[in-house]
Amino acid sequence: MIAENLHRIEQEIQESCALVSRNPQDITMVAVTKSVDSMTANELVELGVTYLAENRVDKLLEKKQNLSQHQQLHWHLIGNLQRRKVKLIINEIDYFHALDSLRLAQEIQKRAERPINCFIEVNVSGEESKHGIKPEELHSFIKELADLDKVKIVGLMTMAPYEASQQSVRKIFATLKQLQESVKNQNLQYAPCTELSMGMSQDFKTAIEEGATFVRIGTALFKKG
């Protein structure tokens, strides 16, 4: 079942890339394993998936321990991170997808033993319930990070509302792409901002068409039938 789902998703990624003349190798599929146990996650790894994501610190640490025989894995923390938990997790991950405040960045700077690949979370949709900085605050926020050498801004991240129309979703993703380009064009060493983390099981095809380089897929990988 998982093998079939993975094969279908890989095909859909290729088809979405073909529509807009992109290279499928430029897309990294991050498998979100928060809803499954370590044994099921291991099944994915055995099929060749090397990018795994969790949204909770304790669950990521547990899975990383349980899958420690696989040296090739890249671990992504995609959920909101409380400052008091930074010291537990920051040196255990390869990517952090939800940087949304200066105080959190300063805590990462304090605890990290090496530069951490971070995505700034941008609340493009303006939903009250979502974390992330406002689009109009992005450039001033990035300037505040200039002296933090352990915080490397590799890109931007956003989430579209689950119930939004495809037109709205496309607009949100296109806006994030424009923001990413505007940061990238500044040629900042600490914020190359070449990546876009956007798109989940229900909207990753649209995200790829609009420029996503990392798509976070969970439900579609593990659904039955």
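The values are calculated or read from the model by the stated rules, or taken from the named source; none is laboratory data. Treat the numbers as computed from the prediction; the structure is a model and nothing was measured. Here Cβ is always computed from backbone atoms with ideal geometry, including for glycine, and neighbour counts include all displayed protein chains. We work out accessible area using only protein heavy atoms, side chains counted, and drop any ligands, DNA or RNA first. Shrake-Rupley method; radii C 1.70, N 1.55, O 1.52, S 1.80 Å.
Some observations on this one:
- Restricting attention to segment 6-24, the residues that are open to solvent by 70 Å² or more (accessible area, probe 1.4 Å), closer than 12 Å to Leu221 by Cα and either of a type in the set (A, V, I, L, M, F, W, C) or part of a loop (DSSP other than H, G, I, E, B) (or both) total 0.
- Taken residue by residue, segment 175-188 has at least one member that is open to solvent by 10 Å² or more (accessible area, probe 1.4 Å), part of a loop (DSSP other than H, G, I, E, B) and at negative phi.
- Strands (runs of 3 or more DSSP E) completely within segment 43-149 that count 1 or more residues being closer than 15 Å to Ala191 by Cβ: 95-99, 116-121
- Among the residues listed as Ala207, Ala164, Ala160, the single one being open to solvent by 20 Å² or more (accessible area, probe 1.4 Å) and not acidic (Asp, Glu): Ala164
- For segment 54-66, the candidate set comprises residues that are more than 20 Å from Met200 (Cβ to Cβ) and touching a strand residue (DSSP E or B) at 6+ places or on another chain (Cβ under 8 Å); within that set, the residue that is most open to solvent (accessible area, probe 1.4 Å) is Lys64.
- Per-region count, segment 199-225, residues under 13 Å from Ile172 (Cα atoms) and basic (Lys, Arg): 0
- The condition (being touching a Leu at 6+ places or on another chain (Cβ under 8 Å) and either within 30 Å of Leu138 (Cβ to Cβ) or of a type in the set (S, T, N, Q) (or both)) is satisfied by just one residue among Asn91, Asn5, Asn23, Asn66: Asn5.
- Subset tally (residues that are under 15 Å from Arg216 (Cα atoms), open to solvent by 50 Å² or more (accessible area, probe 1.4 Å) and not acidic (Asp, Glu)) for segment 25-53: 3
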